[in-house]
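**Q** This structure is in structure tokens; I'll ask about it shortly.
The values are calculated or read from the model by the stated rules, or taken from the named source; none is laboratory data. Not measured: the values here are computed from a predicted model. In this analysis, Cβ positions are derived from the backbone assuming ideal geometry, glycine residues included, and neighbour counts consider all displayed protein chains. Accessible surface areas use protein heavy atoms only, side chains included; no ligands, DNA or RNA. Shrake-Rupley method; radii C 1.70, N 1.55, O 1.52, S 1.80 Å.
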Amino acid sequence: MTDKPPSVVLLGFTVDDKKLFEIAQQSAILPTQTHRFAWNLVYALKSASLEVALLSVLPVPNHPEYPYKIIRSSVVEQDNVRGITLGFVNMLILKHATRFLACLSTGTRFIRYQDPETIVVHGVHTPFLVFARLVKKGLGRQICLVMTDPPGVVRAADGVISRVLKRLDRKLVRLLASGFDGIICLTPALAADFAPTVPALVLEGFANHELASLPSRSRQADSLFRIAYAGAINVEYGVENLVLAFMSMTDPDVRLHLYGKGPLDKWVLEQCKLDKRILHGGLVDHSALMPRLKEASVLINPRPAAQEFVRYSFPSKILEYMALGAPVITTRLAGLSADYLQYVQLTDDDSVAALARAIEAVRCQYPKAVERGLRGREYVLREKSVSNQGKRIAKFLSTLTGTRH
């Protein structure tokens, strides 16, 4: 009889690409980067010879922002990884309660059937955290939390009730996270502020080797200088500043290409009419988006660094940008460790003028910027690859003190 290979149940929001695209057609909120991180986490675990099963819920905003009140359970299957999604009532308050009840009923049966050594919880969703703590106590499973974002981030569209609930949620997450056996997080600040006594692994994300091998047009094939951004089209991510910075540049050979979806779509489209050099490409499937980004002269992350949540954040788009080998411009994010700084062009501050200056600086010394981008690609593909990060995660899980009963 052979030993069963180490196994993990990944509890989170991991759904197949087709389902995510369907969600995107009906929602202004598109968790593309979270989706990519989740699947890279799956591939990393599998690369380290861990068996992975998915226990997920659909990543949808509350009704009526998302049109359906009742979300039914279904099967998840992609790249030989299988699992289930849990059903719930997609309304404020009821959403959390029914997701928790689904975890207790369907989720418990699923975990008993899969019989994993470790439950890895991706995201700081309170029902998941409470359920994981109960699984640890009742079923004797080791539990590890993956934090890619801080809890309780208030959005401009949130009402009074939602804001109060998010503050309570933030306090509850701190309490619950302290009982996990380990935590994997994007930045040291996440671990220090939400689980200071728990063993932690800082892991910014994953660099995909496939991005480096994508064919692309030469960035110097014509006279146009293409600036590209991919992500949520909203103020919080700095899209308004980026558009205004671009419009302050009068050179007719400069272009700005924006890809994504969000609350600022209407405003961006209005600017496109005023300035024909701007293209709002909208929502594009990841496989089609990456070649477009690789054709850009420079890729930009304009997220304002002064926002409170930024100290907890490491945008996964930075790793994607760098893996493509393009010159990268970014604001000076607190989560951007010193290892990355030599490979990117930093803005002086969060202002519109600073973004414009950084773009001009790259353009004025473009051969040097290209060389820096290629060195950045070598760095992330060597140090942050899916397989390398998988080894780090597997080693970290093996050192945790959680015991299986």
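**Q** Give me the 1.4 Å probe accessible area per residue for the stretch 1-129, excluding ligands and nucleic acids, in Å².
**A** Numbers: 5820 Å² over 129 residues.
Value for the stretch 1-129: 45 Å² per residue.
**Q** For S385, which sequence-distant residues (separation of 5 or more, or a different chain) have an amide H within less than 5 Å of its own amide H, given hydrogens modelled in the peptide plane?
**A** The answer is A207.
**Q** What is the extension gain from E77 to K273, computed as 0.36 nm multiplied by their sequence separation minus the C-alpha to C-alpha distance, in nm to one decimal? Don't skip to the end; give the middle numbers.
**A** Numbers: separation 196, 0.36 × 196 = 70.56 nm, distance 4.20 nm.
Here the answer is 66.4 nm.
**Q** In the chain, if the dipole is taken from +1 on Lys/Arg beta carbons and -1 on Asp/Glu beta carbons about the Cα centre, which of V328, A24, G159 is farthest to the positive end?
**A** Value computed over the given set: G159.
**Q** Next question, about the same structure. Between L224 and L139, what length comes free when the chain is fully extended (0.36 nm per residue of separation minus the Cα-Cα distance, one decimal in nm)?
**A** Details: separation 85, 0.36 × 85 = 30.60 nm, distance 6.03 nm.
Once the chain is fully extended between L224 and L139, it gains 24.6 nm.
**Q** How much length is gained if the chain between D339 and R292 is pulled fully straight, taking 0.36 nm per residue apart and subtracting their Cα-Cα distance, in nm to one decimal? Mind showing how you got there, number by number?
**A** On the way: separation 47, 0.36 × 47 = 16.92 nm, distance 2.69 nm.
Working it through step by step, the gained length comes to 14.2 nm.
**Q** Compare the Cα positions of L274, L214, A245 along the charge dipole of the stretch 206-277 (+1 at Cβ of Lys, Arg; -1 at Cβ of Asp, Glu; about the Cα centre) and return the one farthest towards the positive end.
**A** Toward the positive end, the furthest listed residue is L214.
**Q** Taking the Cα centre of the stretch 252-318 as origin, sum charge times position over the Cβ atoms of Lys and Arg (+1) and Asp and Glu (-1), and report the length of that vector in debye to the nearest 20.
**A** Working: 11 positive and 7 negative charges, 7 e Å.
Here the size comes out at about 40 debye.
**Q** Output the antiparallel fraction of DSSP beta bridges having both residues in the chain, as a percent to the nearest 5.
**A** If we restrict to bridges inside the chain, about 15 percent are antiparallel.
**Q** For the chain, what is the charge dipole size about the Cα centre, in debye to the nearest 20, if Lys and Arg each add +1 at the Cβ and Asp and Glu each add -1 at the Cβ?
**A** On the way: 50 positive and 37 negative charges, 169 e Å.
The dipole of the chain has a size of about 820 debye.
**Q** I would also like to ask the following. How large is ³J(HN,Hα) for each residue in the stretch 192-204, as worked out from phi by the Karplus curve 6.51 cos²θ - 1.76 cosθ + 1.60 (θ = phi - 60°), to whole Hz, x for Gly and Pro?
**A** For the stretch 192-204, the Karplus curve yields 5, 8, 10, 8, x, 9, 9, x, 10, 10, 8, 9, 5 Hz.
**Q** Once every DSSP H run of n ≥ 4 in the chain is given -39500 (n - 2.57) and the sum is divided by its residues, what mean residue ellipticity at 222 nm do you get, rounded to the nearest 500 deg cm²/dmol? Mind dumping the intermediate values first?
**A** Details: 16 runs with 169 residues, N = 405.
Computed ellipticity for the chain at 222 nm equals -12500 deg cm²/dmol.
**Q** For K391, go through the lysines and keep the ones whose alpha-carbon is under 17 Å away, minus same-chain ones fewer than eight residues off.
**A** Within the straight-line cut-off, K391 pairs with K46.
**Q** Take L214 and M91, extend 7 Å from each Cα along the Cα→Cβ direction, and tell me the distance between the two endpoints in nm.
**A** Going from the L214 label point to the M91 one covers 4.2 nm.
**Q** I would also like to ask the following. Can you find, among S56, Y259, A361, the residue sitting farthest towards the positive end of the charge dipole of the chain, where Lys and Arg contribute +1 and Asp and Glu -1 at Cβ?
**A** So the residue we want is S56.
**Q** Another question, then. Please turn the phi angles of the stretch 65-74 into ³J(HN,Hα) values with the Karplus equation 6.51 cos²θ - 1.76 cosθ + 1.60 (θ = phi - 60°), one per residue in order, whole Hz, x for glycine and proline.
**A** Each residue's phi maps through the Karplus curve to give 4, 10, x, 9, 7, 10, 10, 9, 5, 7 Hz.
**Q** Once you charge only the Cβ atoms, +1 for Lys and Arg and -1 for Asp and Glu, what is the size of the charge dipole of the stretch 310-397 about its Cα centre, to the nearest 20 debye? Show your work: numbers first, answer last.
**A** Working: 14 positive and 9 negative charges, 79 e Å.
The calculation lands at about 380 debye.
**Q** So, with a 1.4 angstrom probe, what is the percent of accessible area on the stretch 251-405 that is carbon and sulfur?
**A** Values: 3570 of 6760 Å².
Of the solvent-accessible surface of the stretch 251-405, carbon and sulfur hold 53 percent.
**Q** Quickly rank 204-211, 243-250, 296-303 as a protection proxy: mean count of other C-beta atoms within 10 Å, highest first. Don't skip to the end; give the middle numbers.
**A** Details: 204-211: 20.2, 243-250: 17.5, 296-303: 23.9.
Result, highest mean first: 296-303, 204-211, 243-250.
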